[in-house]
Amino acid sequence: MSSNQAFSYLRTREWHLNLGVGGGGRGQLELMAEDRERWSAADGRVRVIEQRPNTALSDTTDTAQVEWAADLPNDPGQLRAYLLKGAPSPQHNVPETLVLIASVQRLHTQAIPAELAAAFHEILIGQPDLVALGETVDRAGRTGPGYSFEFTFGPARRLTLIFDPASKALLATEEMLIEPGRLAVEVPAVASYVLYLEQGRVASTDERPSAVLPG
């Protein structure tokens, strides 16, 4: 990465199940939207802009430890081993596919190079318990192959991943509650949904790239 493109930029739109206040002042679970822009650099510099409904815009800068995606191996075998590093031992019954998906999601707080995105895609769709859904439309109206994974580690849930058909970039993720657990919510219910909308490399935290994610 050249010195004049020191920062990763990522723009997302997200929905998360949160405890809100309903009629009569009673707490109730509702799906809250959030727009987020995140700049990050390999040396730990981070700027995050967040906008939630009926809330003042938040614009923060900080330094943090950054897991720099551009430095990861693009070889699927090496990358798979990295994603599973530190995974719970088999006796904890945490599905391997869940560990892989969670690791990929963790790294999607920054721009993902094309070769790395293709390697993520190859690793995930190679999991035998990931189910192909065919063409799937995300909440931004983009169409791509969708895959789902159901698991019962805790309350039963379903994770859905939607990829760009050409670049294999991750376009969207969804977590659906199949069982309510201790939550007072009717199921099936969306627990979270993330759209990856725009990414690129920029020279400073005051710049935005001109390109959007494929779709």
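All of the numbers you see were taken from the coordinates with simple rules; none came from a lab. This one's a predicted model, so the numbers in the text were calculated from it and none came from an experiment. For neighbour counting, all protein chains shown are included, and Cβ atoms are generated from backbone atoms with ideal geometry for every residue, glycine included.
Things worth noting here:
- Residue by residue, segment 36-49 carries 3J(HN,Hα) couplings of 9, 10, 9, 9, 8, 10, 4, 7, x, 5, 9, 10, 10, 10 Hz when phi is fed to the Karplus relation 6.51 cos²θ - 1.76 cosθ + 1.60 (θ = phi - 60°); x denotes Gly or Pro.
- Net charge of neighbours whose Cβ lies under 11 Å from the Cβ of K168, counting Lys and Arg as +1 and Asp and Glu as -1: -3
- Charge dipole (the chain, unit charges on Cβ, about Cα centre) - positive-most of P113, P128, V94: V94
- Additional length obtainable on full extension of the chain from N74 to H16, 0.36 nm per residue less Cα span: 17.8 nm
- C-alpha center-to-center spacing [segment 47-121, segment 141-185] in angstrom: 16
- Length-normalised contact order for the chain - Cα pairs under 8 Å, 6+ apart - percent: 22
- About the centre of its Cα atoms, the chain shows a dipole size close to 200 debye [charges on the beta carbon of Lys, Arg (+1) and Asp, Glu (-1) only; nearest 20 debye].
- Residues of segment 174-200 with amide N under 18 Å of a point placed 7 Å along Cα→Cβ from V131: 174-180, 187-191
- ³J(HN,Hα) computed for each position of segment 141-158 - Karplus, 6.51 cos²θ - 1.76 cosθ + 1.60, integer Hz, glycine/proline x: x, 8, 10, x, x, x, 9, 10, 9, 9, 8, 10, 7, x, x, 4, 9, 10
- Segment 137-190 shape via C-alpha gyration tensor axes, a/c threshold 1.5: prolate
- The protection proxy used here, the mean number of other Cβ atoms lying within 10 Å of each residue, ranks peptides 80-88, 39-47 as follows, highest first: 39-47, 80-88.
- GNM flexibility winner over the chain from S167, S58, S89 (Cα, springs under 10 Å): S89
- With K and R counted +1 and D and E -1, the other residues having a Cβ less than 11 Å from that of V194 yield a net charge of -2.
- If you run the Gaussian network model on the chain, springs between alpha carbon atoms under 10 Å, then out of N54, N18, N93 the most flexible one is N54.
- Taken about its Cα centre, segment 51-159 carries a charge dipole of roughly 340 debye when the Cβ of each Lys and Arg holds +1 and the Cβ of each Asp and Glu holds -1.
- Neighbours of R157, meaning other residues whose beta-carbon lies under 13 angstrom from its beta-carbon, give a summed charge of -3 when Lys and Arg score +1 and Asp and Glu score -1.
- For segment 194-210, backbone phi angles converted through the Karplus equation (6.51, -1.76, 1.60; θ = phi - 60°) give residue-by-residue couplings of 10, 9, 9, 9, 8, 8, x, 10, 9, 7, 8, 7, 9, 10, 10, x, 8 Hz, Gly and Pro being listed as x.
- Those residues of segment 42-69 whose amide nitrogen sits under 12 Å from the label point placed on K85, 7 Å along Cα→Cβ: 67-69
- Global geometry of segment 121-215, whether rounded, prolate or oblate, following the gyration tensor of its Cα atoms and the 1.5 cut on a/c: prolate
- Cα gyration tensor shape of the chain, rounded if a/c is under 1.5, else prolate or oblate by comparing a/b with b/c: oblate
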